[in-house]
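Chemist: If you scroll down you'll find the structure; I have some questions about it.
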Amino acid sequence: MKAVIQAGGRGTRLMPYTSVLPKPLMPIGAKPVLELLVKWLRRNAIEELYITTGYLGHLIRSFCGDGRQWGLHIVYTEETEPLGTIGALTLLERHLDETFLVLNGDVLTDLSLRTFTGIHRAHGQPFTIATACRSNKLDFGVIEDQDGVVTSFSEKPVLTNSVSTGIY
């Protein structure tokens, strides 16, 4: 299977750190997130990797090179302006001719790719999103009303949602 790592974003929530390094090169311990992700992909039998770059992409290319040090082959794209998740994939259309994996460049996971791709194939849908369940406690009471009349009130409720893990 082929994989695409999306590494073109500006990482604005991590500013000022990302003014020097792109988010995928931020260290976790002694290694950049991107290296941990690439090694995880290789352990899961990925040998052909595409990395979409934009902001500070030259640093990502310098760090990863051709991928030989990890036993895989890396091809890069360069976005001159942000194209978003799907837009970046349009640069790779001719290469993505079979089922492929797309990951955000800052993902840390122990997801079983065998299970994930098995679920994808079993459902027969065009795409599958890996999700996680997250709960968030609101700091305020929530009021529901109808025509200005309060119909319910929940004091600081906990909302639970399925959220994307950045793996498609």
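The values are calculated or read from the model by the stated rules, or taken from the named source; none is laboratory data. None of the values given here were measured: they were computed from a predicted structure. Positions of Cβ are generated from backbone atoms using ideal geometry, with glycine treated the same way; all protein chains shown enter the neighbour counts. Side chains are part of the model used for accessible areas, which takes the heavy atoms of the whole protein and leaves out ligands, DNA and RNA. Shrake-Rupley method; radii C 1.70, N 1.55, O 1.52, S 1.80 Å.
Chemist: Among 23, 156, 39, which one moves the most in a GNM of the chain with springs linking Cα atoms closer than 10 Å?
Modeler: 156
Chemist: For residue 31, give me every one of the lysines with a C-alpha distance below 28 angstrom, ignoring sequence neighbours fewer than eight places off in its own chain.
Modeler: Filter leaves 2, 23, 39.
Chemist: Going through region 52-100, which trypsin sites (Lys or Arg not before Pro) have at most 11 other Cβ atoms within 10 Å and a DSSP loop state?
Modeler: Working: sites: 61, 68, 94; in loops: 94.
Qualifying residues, ordered by number: 94.
Chemist: Please give the solvent-accessible surface of residue 155 in Å², to the nearest 10, using a probe radius of 1.4 Å with every protein chain present.
Modeler: Solvent-accessible area, nearest 10 Å²: 110 Å².
Chemist: Please compute P(r) over all alpha-carbon pairs of region 90-147, binned at 5 Å starting from zero, and give each bin as a whole-number percent.
Modeler: In order of increasing distance, the bins hold 4, 10, 17, 17, 15, 9, 6, 8, 8, 5, 1 percent.
Chemist: Given H placed 1.01 Å from N in the peptide plane, which residues other than close sequence neighbours of residue 77 have an amide H under 5 Å from its amide H?
Modeler: 51, 52, 53
Chemist: Next question. If the cut-off is a Cα-Cα distance under 24 Å, which lysines reach residue 156, setting aside same-chain residues fewer than 8 apart in sequence?
Modeler: Partners within reach: 137.
Chemist: With charges only on Cβ, +1 for K and R and -1 for D and E, what is the dipole size of the chain about its Cα centre, in debye, rounded to 20?
Modeler: Its charge dipole is roughly 700 debye.
Chemist: Assign one of three labels to region 1-52, namely rounded, prolate or oblate, based on the Cα gyration tensor with a ≥ b ≥ c the square roots of its eigenvalues; rounded applies when a/c is under 1.5, prolate when it is not and a/b is larger than b/c, and oblate otherwise.
Modeler: Numbers: a/c = 3.89, a/b = 1.75, b/c = 2.22.
Here region 1-52 falls in the oblate category.
Chemist: Related question: Specify the residue with the greatest mean-square fluctuation among 76, 50, 17, computed from a Gaussian network of the chain linking alpha-carbon atoms under 10 Å apart.
Modeler: Top of the fluctuation ranking is 17.
Chemist: Using the Karplus curve 6.51 cos²θ - 1.76 cosθ + 1.60 with θ = phi - 60°, work out ³J(HN,Hα) for each residue of region 126-131 in order, rounded to whole Hz, and write x for Gly and Pro.
Modeler: x, 8, 9, 10, 6, 10
Chemist: Right, here's the next one. Considering only protein heavy atoms, with the full assembly of protein chains and a 1.4 angstrom probe, order 53, 90, 165 by accessible area, largest first. Walk me through the intermediate numbers first.
Modeler: Details: 53 0, 90 75, 165 50 Å².
Most to least solvent-accessible, the answer reads 90, 165, 53.
Chemist: Could you check what % of the DSSP bridge pairs in the chain are antiparallel, to the nearest 5?
Modeler: Numbers: 15 of 32 bridges.
Roughly 45 percent of the DSSP beta bridges within the chain come out antiparallel.
Chemist: Further question on the same structure: So what are the radius of gyration and Dmax for the Cα set of region 44-168, in Å?
Modeler: My reading of the Cα-based Rg and Dmax gives 20.5, 66 Å.
Chemist: Dipole magnitude of region 76-168 about its Cα centre, charges +1 at Lys/Arg Cβ and -1 at Asp/Glu Cβ only, in debye to the nearest 20? Don't jump to the answer; show the numbers that get you there.
Modeler: Details: 6 positive and 13 negative charges, 98 e Å.
Charge dipole of region 76-168: 480 debye, to the nearest 20.
Chemist: Shifting gears a bit: Each residue of region 118-125 in turn: what ³J(HN,Hα) in whole Hz from Karplus with 6.51, -1.76, 1.60 and θ = phi - 60°, glycine and Pro shown as x?
Modeler: With the stated coefficients, region 118-125 comes to x, 5, 4, 5, 5, 7, x, 8 Hz.
Chemist: Placing unit charges on C-beta atoms (Lys and Arg positive, Asp and Glu negative, everything else neutral), compute the dipole magnitude of region 1-70 about its Cα centre in debye, rounded to 20. Don't skip to the end; give the middle numbers.
Modeler: Details: 10 positive and 4 negative charges, 32 e Å.
Its charge dipole is roughly 160 debye.
Chemist: Given Cα pairs under 8 Å that are at least 6 residues apart, what percent is the relative contact order of region 1-114?
Modeler: Working: 175 pairs, mean separation 45.6, N = 114.
Here the relative contact order equals 40 percent.
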